[in-house]
Amino acid sequence: MKTAFLILFLAFISSQISHAAVNCQTINQQNILSQTATDTISNLVEVAYEADVTKNIKFSGEITKYSIDKLIKRINNSIDEHANEDINIIITLDSGGGNVNESLRAIREIRRLNRNPMIQIDTRVGTFNSCESSCTLLFTAGHKRMASERAKFGFHSPKFVRGDRGEMTRDDVENHYREIWLKQIYNIDPVASTMIRDHEYLLDYDMSYVRARELTTGYVTDLI
């Protein structure tokens, strides 16, 4: 199903570029496609991501090595069950957070899978769910990042608990993870990253909550 739409999409792009090349000076000086054509292409891309199968996976509780291993296994099992079909996996999050490194590991794996044109993995936070601490990083893994308007996202300072920190002080470790946190969010939403930094949410150990409707500059892509 997706393949047919992609063929149509590529044919449309080819015809538009061929038509527009006459008026093109340089890519930096002039848009190749009109806004109308761009909007049409956007719609075709959206249609191309319609899946044959939708699978829902709920992730709740603490983010640990065990829980992320289990999440990745469930994702891969769903993909294997529908190996020859376009699949949309929606991960519903309801978590108070946990290990930052495990959230980052899950993000890397989900984004790797999302590069497959037959797979789309989205994240979601429902009306009565919350996504706190390192869950706010895990949320960024989704191709689409959906949330109820009143869903809560909780931000606070990363905390050094234990482990080998080498020559780094506790403050060095926490500042290092603050930078990672902000960069991860900046990559999908510079506005939200700047807001989190300016409000110093990652400097306070107490949780600061932000509603989904305040994060629709890119961090949340779809209100549900």
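Residue-wise HN-Hα couplings along segment 75-80, as the Karplus relation 6.51 cos²θ - 1.76 cosθ + 1.60 with θ = phi - 60° gives them from phi, are 4, 5, 4, 5, 5, 5 Hz; Gly and Pro carry x. For segment 76-126, what % of the accessible area comes from carbon and sulfur atoms, probe 1.4 Å? Roughly 42 percent of what the probe reaches on segment 76-126 is carbon or sulfur. Per residue, the accessible area of segment 78-222 comes to 49 Å² when a 1.4 Å probe rolls over the protein heavy atoms.
Hey, what do the phi angles of segment 132-148 turn into as Karplus ³J(HN,Hα) couplings, whole Hz, using 6.51/-1.76/1.60 and θ = phi - 60°, x for Gly and Pro? Result, ordered by residue: 10, 6, 5, 5, 5, 7, 4, 4, 5, 5, x, 5, 9, 10, 9, 7, 5 Hz. Note on segment 83-224: antiparallel DSSP beta bridges, both residues inside, total approximately 20 percent of the bridges counted. When you filter the GluC sites (Glu not before Pro) in segment 89-151 for DSSP loop state and at most 15 other Cβ atoms inside 10 Å of their Cβ, you are left with Glu149. Each residue of segment 96-112 is assigned a 3J(HN,Hα), and the resulting list reads x, x, x, 6, 4, 4, 6, 4, 5, 5, 4, 4, 4, 5, 5, 5, 4 Hz, derived from the Karplus form 6.51 cos²θ - 1.76 cosθ + 1.60 (θ = phi - 60°), x at Gly and Pro. For segment 130-224, trypsin sites (Lys or Arg not before Pro) meeting the loop criterion (DSSP other than H, G, I, E, B) and having at most 16 other Cβ atoms within 10 Å: Lys144, Arg150, Lys159, Arg162, Arg165.
Were the residues from Asn175 through Leu203 laid out at 0.36 nm apart, the gain over their Cα-Cα distance would be 9.2 nm.
Using bins of 5 Å that start at zero, the share of Cα-Cα pairs per bin across segment 105-224 amounts to 2, 11, 20, 23, 19, 13, 7, 4, 1, 0, in whole %.
Sites listed here are chymotrypsin sites (Phe, Trp or Tyr not before Pro) in segment 88-170 whose DSSP assignment is loop and whose Cβ has at most 14 other Cβ atoms within 10 Å: Phe128. Under 5 Å between amide hydrogens, built in the peptide plane, is the criterion, and for Ser134 it picks out Gly98 among residues at least 5 positions away or on other chains.
The values are calculated or read from the model by the stated rules, or taken from the named source; none is laboratory data. This structure is a prediction, so every number in the text was calculated from the model and none was measured. Backbone-built Cβ (ideal geometry, glycine too); neighbour counts: all protein chains shown. The protein model used for the area step is the full one, side chains on, heavy atoms only, and it has no ligands, DNA or RNA in it. Shrake-Rupley method; radii C 1.70, N 1.55, O 1.52, S 1.80 Å.
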